[in-house]
Amino acid sequence: MYPEYPNLYQRARKATRLTQEEAAERIGVSPESMKQYESGRRVPPDGVVAKMVEVYDLQLDVWGIAQVV
């Protein structure tokens, strides 16, 4: 995993002004899982990343890397 991804997850969540608990509920994961994704202790499955893109309204570049706008 790339070290910047957890930072991206947290930056994207904060850009939407959601708490970890609110984001976890909208994404469909536990708050503890959300904390682990954002800290880099756990890698989210592809389906969770897809839901993050939807909930955080992220744009994907041509390489499939989410960009916080």
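Things to note:
- Screening A12, A24 for residues that are under 10 Å from the mean Cα position of the chain (by Cα) and at pLDDT 95 or above leaves exactly one candidate, A24.
Rundown of residues vs (1) touching a Ser or Thr at 6+ places or on another chain (Cβ under 9 Å); (2) touching a residue at least 12 places away in the same chain (Cβ under 8 Å); (3) exposed (fewer than 15 other Cβ atoms within 10 Å of the Cβ), yes/no style:
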| residue | (1), (2), (3) |
| --- | --- |
| R13 | yes, yes, no |
| T19 | no, no, yes |
| E25 | no, no, no |
| V29 | no, yes, no |
| E32 | no, no, yes |
| R42 | yes, no, no |
| M52 | no, yes, no |
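The values are calculated or read from the model by the stated rules, or taken from the named source; none is laboratory data. The structure displayed is predicted, hence computed values, not measured ones. Cβ sites come from the backbone with ideal geometry, for glycine too, and all protein chains shown count toward neighbours.
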